[in-house]
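As structure tokens, the structure follows; a few thoughts come after it.
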Amino acid sequence: MSDAIKHECGIAMVRLLKPLQYYKDKYGSAFYGLNKMYLLMEKQHNRGQDGAGIASIKFDVEPGTRYISRVRSNNSQPIQDIFSQINGRLNSLNEEFPDKVNDVEWQNNNAPYIGNLFLGHVRYGTFGKNSIESVHPFLRQSNWRHKSLIVAGNFNMTNSKRLFNDLVEIGQHPKELTDTVTVMEKIGHFIDDEVAKLYKTLKKEGAVNKKEASPIIEDRINLKKILKRSAKNWDGGYAMAGLLGHGDAFVLRDPAGIRPAFYYQDEEVVVVASERPVIQTVFNVGIDDVKELEHGNALIVRKNGDVLIEEIREQLPKKSCSFERIYFSRGSDSDIYKERKKLGKLVFPQILKKINEDMNNTVFSYIPNTAETSFYGMREAAADFLNKQKTAMILDGKRNLSAEKVTEILSQRPRIEKLAIKDAKLRTFIADDNSRDDLVAHVYDVTYGIVKPDDNLVIIDDSIVRGTTLKKSIIKIMDRLHPKKIIIVSSAPQIRYPDCYGIDMARLGDFIAFRAALELLKDTNQYHIVDEVYKHCKSQQNLEDPEIRNGVQAIYAPFTDEQISDKIAGMLKTDDIKADVEIIYQSVGNLHKACPDHLGDWYFTGDYPTPGGNRVVNDAFINFYEGNNKRAY
């Protein structure tokens with residue numbers, strides 16, 4: 001992807017269903033769960049590199065024994081850092097007590113991070129700062145195990161301020177305005193309330209004291225009820241994971257299925273992760289063994305080992321994030337790989353029109369690295385087109401074709417080349433803007449000697465967000481090959497609207513499609529629409545979220561997709577570029593054909609899956625209009 005964008009985040013949860021001695025006997029280590037957590041997190045490092053953290057819980061240890069361990073890092077390599085810290089602690093114990101290396105009971109009582117229940121998180125920061133305090137898992141501690149809460153999630157709430165104010169109204173004093181703290185305190189409040197009610201009930205039933213009541217409360221605590229009450233007013237995309245200190249655990253997915261969550265269960269373990277192939281690889285299981293957690297549902301694992309799937313929120317129409325399929329998730333997922341290839345195939349007819357079907361004088365390539373799979377699809381479509389041409393030529397020639405001519409026809413192939421090479425990150429440490437732009441231009445290098453002066457150069461990318469890297473680097477470096485025409489192909493549609501569910505695309509003015517629409521409004525003497533949209537957005541600020549309508553769609557309404565694409569091409573071509581430059585975007589319809597089970601497309605269409613999305617897009621426009629360079633959520 002030429003314009004790298006951040007997204008939030010990745011989760012991993014492991015619950016061991018057998019005693020620790022079982023894993024020692026079968027796998028040679030009581031640290032089986034911890035080892036699996038390392039692999040689950042490392043396999044999801046693509047989902048977050050700003051920070052990482054892990055927490056573990058031990059079951060049935062004596063009072064006075066630390067039963068919760070947590071370590072977090074915002075180091076430049078946070079996963080390696082936290083496990084280096086963990087290994088350092090464990091190795092020190094092994095050196096100090098060499099006779100206890102194989103004593104599982106002693107390790108459980110004395111070694112940190114060994115346990116029965118684990119929660120890990122990798123983070124890209126799209127809300128809050130990248131300080132250590134912002135790194136998950138978050139911990140809400142209590143001397144009552146069933147009131148201790150650990151939370152980590154892949155989520156973003158559109159109504160964090162409202163949720164914060166709800167806590168203030170019940171008398172709380174939250175320590176900061178972040179959605180993670182707000183969500184954790186919301187769940188914690190209803191845990192406290194549930195525990196208080198259970199204790200009152202037990203008193204009526206004749207429980208003598210709180211010590212006797214605690215294990216009974218742990219057994220009776222109703223996580224489904226707590227989650228229903230906590231999540232009632234949440235508006236956003238989320239896969240929220242939590243552990244209670246006594247051993248219950250949950251993962252809750254939002255009612256529109258925006259953020260992903262997958263799980264696997266056998267007689268030894270329950271596992272949850274943000275991506276399916278991660279579980280497949282780490283536990284060596286088949287694709288059908290890993291299940292998708294249904295939207296609006298929670299996976300609840302009780303301390304006694306019972307595993308439940310419970311509906312927490314009434315399901316909305318499923319709008320799973322299509323950007324997960326286009327770019328974010330690992331391409332090793334079987335379905336994602338096929339979908340990305342299909343995106344490349346489906347955009348090929350537009351390419352044919354741009355090159356006037358001149359396959360002999362067209363070179364096809366891609367922007368590394370994640371666009372490679374859609375490139376394979378484009379390549380297959382090009383080969384299919386040539387095969388049809390070959391068949392027609394042979395049939396038309398009937399028996400008049402010589403063997404040499406048939407061989408010549410059959411030898412035609414699409415001209416597939418690796419032209420763009422991404423260099424290691426160049427540090428733009430020079431303050432002067434012109435010097436810095438010159439450095440940025442060299443982020444990519446090219447393969448020389450392949451492209452001829454009369455060639456079209458077609459190069460595919462996952463998506464085009466801001467267009468900065470295209471303008472300052474890719475187009476400039478491709479122009480050095482002296483093609484007749486450079487055609488940039490996006491396997492995704494035009495990104496027109498901000499995301500508010502966990503992707504770092506929050507400001508309208510950043511989007512090249514939005515800026516192109518504004519230029520077209522100026523060109524066509526329709527810029528008054530901008531003022532009208534501003535008035536519309538301002539007029540809705542005091543409405544309730546379900547009453548708000550997306551006013552920003554009016555900015556794009558006067559123009560076709562092709563008009564906006566052509567304008568973008570003009571904006572990306574600088575005066576020093578000699579080749580013609582054209583831009584092709586995937587259509588929304590073809591996106592849905594390629595990814596039929598992941599129809600979340602709000603960043604392309606403005607059709608938000610939750611009411612809070614319309615408030616965010618309108619506030620984003622107000623911020624743009626008023627010159628406030630800040631997020632709208």
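The values are calculated or read from the model by the stated rules, or taken from the named source; none is laboratory data. These numbers were taken from a predicted model, which means no experiment stands behind them. FYI the Cβ positions are ideal-geometry reconstructions off the backbone, even for glycines, and counts take in every protein chain you see. Quick note on the areas: whole protein, heavy atoms, side chains included, nothing else; ligands and nucleic acids left out. Shrake-Rupley method; radii C 1.70, N 1.55, O 1.52, S 1.80 Å.
Okay, here's what the table says:
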| item | result |
| --- | --- |
| Residue within the stretch 147-158 that is touching a helix residue (DSSP H, G or I) at 6+ places or on another chain (Cβ under 8 Å), open to solvent by 10 Å² or more (accessible area, probe 1.4 Å), among the polar types (S, T, N, Q) and not in a loop (DSSP other than H, G, I, E, B) present | no |
| Tally of residues being assigned to a loop (DSSP other than H, G, I, E, B), under 35 Å from the mean Cα position of the chain (by Cα), of a type outside the set (Lys, Arg) and surrounded by fewer than 15 Cβ atoms within 10 Å (Cβ to Cβ) across the stretch 64-116 | 2 |
| Residue match in the stretch 120-135 (condition: of a type in the set (Asp, Glu) and within 30 Å of residue 275 (Cα to Cα)) | yes |
| Cβ pairs under 8 Å, 6+ apart, first in the stretch 542-565 and closer than 12 Å to residue 516 by Cα, second open to solvent by 10 Å² or more (accessible area, probe 1.4 Å) and of a type in the set (Phe, Trp, Tyr) | 561/585; 565/585 |
| Number of the exception - residue 417 against (1) in contact with a Phe, Trp or Tyr (Cβ under 8 Å, 6 or more places away or on another chain); (2) touching a residue at least 40 places away in the same chain (Cβ under 8 Å); (3) within 24 Å of residue 496 (Cα to Cα) | (3) |
| Residue, farthest from residue 121 (Cα to Cα), within the stretch 24-43, restricted to residues that are over 22 Å from the mean Cα position of the chain (by Cα) and in contact (Cβ under 8 Å) with a residue 60 or more places away in the chain | 24 |
| Number of the exception - residue 190 against (1) of a type outside the set (Lys, Arg); (2) open to solvent by 40 Å² or more (accessible area, probe 1.4 Å); (3) outside any loop (DSSP other than H, G, I, E, B); (4) under 26 Å from residue 154 (Cβ atoms) | (2) |
| Residues being open to solvent by 10 Å² or more (accessible area, probe 1.4 Å), in a loop (DSSP other than H, G, I, E, B) and touching a Gly at 6+ places or on another chain (Cβ under 9 Å) - total across the stretch 45-57 | 1 |
| The stretch 403-451, subset in contact with a strand residue (DSSP E or B) (Cβ under 9 Å, 6 or more places away or on another chain) and exposed (fewer than 12 other Cβ atoms within 10 Å of the Cβ), residue modelled with the lowest pLDDT | 423 |
| Subset tally (residues that are under 21 Å from residue 491 (Cα atoms), open to solvent by 10 Å² or more (accessible area, probe 1.4 Å) and either in contact with a His (Cβ under 6 Å, 6 or more places away or on another chain) or not charged (D, E, K, R) (or both)) for the stretch 360-398 | 8 |
| Among residues of the stretch 198-215, those that are surrounded by 13 or more Cβ atoms within 10 Å (Cβ to Cβ) and either outside any helix (DSSP H, G or I) or out of contact with any helix residue (DSSP H, G or I) (no Cβ under 9 Å at 6 or more places or on another chain) (or both), counted | 1 |
| Of the criteria (1) within 19 Å of residue 255 (Cβ to Cβ); (2) crowded, with 17+ Cβ neighbours inside 10 Å; (3) modelled with pLDDT of 95 or more, which one residue 348 fails | (1) |
| Test: residue in the stretch 351-368 that is part of a loop (DSSP other than H, G, I, E, B), touching a strand residue (DSSP E or B) at 6+ places or on another chain (Cβ under 8 Å) and of a type in the set (Ser, Thr, Tyr) | no |
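Residue-by-condition table, conditions (1) under 24 Å from residue 48 (Cβ atoms); (2) open to solvent by less than 10 Å² (accessible area, probe 1.4 Å); (3) among the small types (Gly, Ala, Ser); (4) outside any strand (DSSP E or B):
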position: 250; (1), (2), (3), (4): yes, yes, no, no
position: 257; (1), (2), (3), (4): yes, yes, yes, yes
position: 260; (1), (2), (3), (4): yes, no, no, yes
position: 272; (1), (2), (3), (4): yes, yes, no, no
position: 278; (1), (2), (3), (4): yes, yes, no, yes
position: 281; (1), (2), (3), (4): yes, no, no, yes
position: 300; (1), (2), (3), (4): no, yes, no, no
position: 303; (1), (2), (3), (4): no, no, no, yes
position: 310; (1), (2), (3), (4): no, no, no, no
